[in-house]
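Beneath this line is the structure, given in structure tokens, with notes to follow.
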Amino acid sequence: MRRPMIAGNWKMNTTAAEAETLVRGLCSLVADVTDVDILVAPPFVYLQLVKALIADSPVALAAQDMSPEKSGPWTGEVSGPMLKDVGCTYVIIGHSERRQFFFETDESVNKKVHAALNEGLAPIVCVGETLEERKKGVTLSLVGRQVKNGLAEVTAGHASEVTIAYEPLWAIGTGVTASPEEAEEVHSAIREVLRELFGADIVGNMRILYGGSVKPDNVDELMSRPNIDGALVGGASLTAESFARIVRFEAIS
Ligand code: PEP
């Protein structure tokens, strides 16, 4: 069985003081959780602060993005070795906000995936369609292409370190969630693509998260679907209580 993962993407939110309050609250609410991988992805400038606060807790540290380069004249960028250095174990790559507003492409996502894996950081690779693309009926082909291109040349040996996050753009930050059926349909298509790429044994270990307005009141139903292995949470990760409730989901059987 795949171990569930619940990841909180704080995006460009919190001050240092708010980050501290949030992470202290979260750590106390999830201190006894042993069966879920719990991640927070604060802004770069608070990674070190948060790392110190999650010591001795089940919470792990993720970055929201990374450079494909190791070091050098790349003003404003943050590299994989730097993220390792401050205690990150995961990195979100290709979030739709990066694709939409910072011109990320499947090719740049792929470079970052390789850079992360080479550094020993586990990538969480985001894919998803716009509302227009969904209406055109191209969701499965588009998401399949994003997965294939984003993971090009990733070896089967590295594949189980990779997590995919399916995040339909129309559900991110909108309060509209994909129904469990809509999400499961795409997750199962993604798993099929991963099976083609890496084989049946490995795909059984690969996690596919759902993201898009996940909240305490919809997580249980989402997590009851066989191919939904966790959640990437934006807005609801900014409150310790709501994120902790999502971590403590109860799949409906
Ligand atoms: C996200 O940005 O990854 C996300 C899923 O945001 P929200 O939960 O706020 O929709």
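The values are calculated or read from the model by the stated rules, or taken from the named source; none is laboratory data. Computed from a predicted model, the values in this text were never measured in an experiment. Cβ atoms come from the backbone with ideal geometry, glycine included; neighbour counts cover every protein chain shown.
Look at the range 148-177: where a residue is of a type in the set (D, E, K, R) and at pLDDT 95 or above and a partner is within 16 Å of the ligand (Cβ to nearest atom) and assigned to a loop (DSSP other than H, G, I, E, B), sitting 6+ places away or on another chain with Cβ atoms under 6 Å, you get E167/G128; E167/G212.
Considering only residues that are more than 10 Å from the ligand (Cβ to nearest atom) and assigned to a loop (DSSP other than H, G, I, E, B), look in the range 177-192 and name the one that is surrounded by the most Cβ atoms within 10 Å (Cβ to Cβ).
A178
The residues listed here are T130, T174, T239; of these, the one that is within 11 Å of the ligand (Cβ to nearest atom) and surrounded by fewer than 17 Cβ atoms within 10 Å (Cβ to Cβ) is T174.
The numbered conditions (1) within 16 Å of the ligand (Cβ to nearest atom); (2) assigned to a loop (DSSP other than H, G, I, E, B) are all true for Q146 except (2). Taken over the range 210-236, residues that are hydroxyl-bearing (S, T, Y) and away from the ligand (no atom under 15 Å from the Cβ) amount to 1. Can you find, within the range 198-216, the residue that is nearest to S96 (Cα to Cα) among those that are in a loop (DSSP other than H, G, I, E, B) and out of contact with any Phe, Trp or Tyr (no Cβ under 8 Å at 6 or more places or on another chain)? Taking the candidates together, the pick is S213.
Looking at the range 100-111, which of its residues are touching a residue at least 24 places away in the same chain (Cβ under 8 Å) and over 14 Å from the mean Cα position of the chain (by Cα)?
The initial filter retains those residues of the range 100-111 that are touching a residue at least 24 places away in the same chain (Cβ under 8 Å), namely 100, 106-111.
Answer for the range 100-111, where residues must be touching a residue at least 24 places away in the same chain (Cβ under 8 Å) and over 14 Å from the mean Cα position of the chain (by Cα): Q100, D106, E107, S108, N110, K111.
Of all residues in the range 1-59, those satisfying the criterion of being within 16 Å of the ligand (Cβ to nearest atom) and of a type in the set (G, A, S) are A7, G8, A41. In the range 224-244, the residues that are under 19 Å from C126 (Cα atoms) and in a strand (DSSP E or B) reach residues that are near the ligand (Cβ under 7 Å from one of its atoms) and among the acidic types (D, E) with C-beta atoms within less than 9 angstrom, at least six apart or across chains, in these pairs: L232/E167. Criterion applied to R207, R195, R248 was being away from the ligand (no atom under 14 Å from the Cβ), crowded, with 16+ Cβ neighbours inside 10 Å and either at pLDDT below 95 or under 22 Å from I93 (Cα atoms) (or both), and the one residue passing it is R207.
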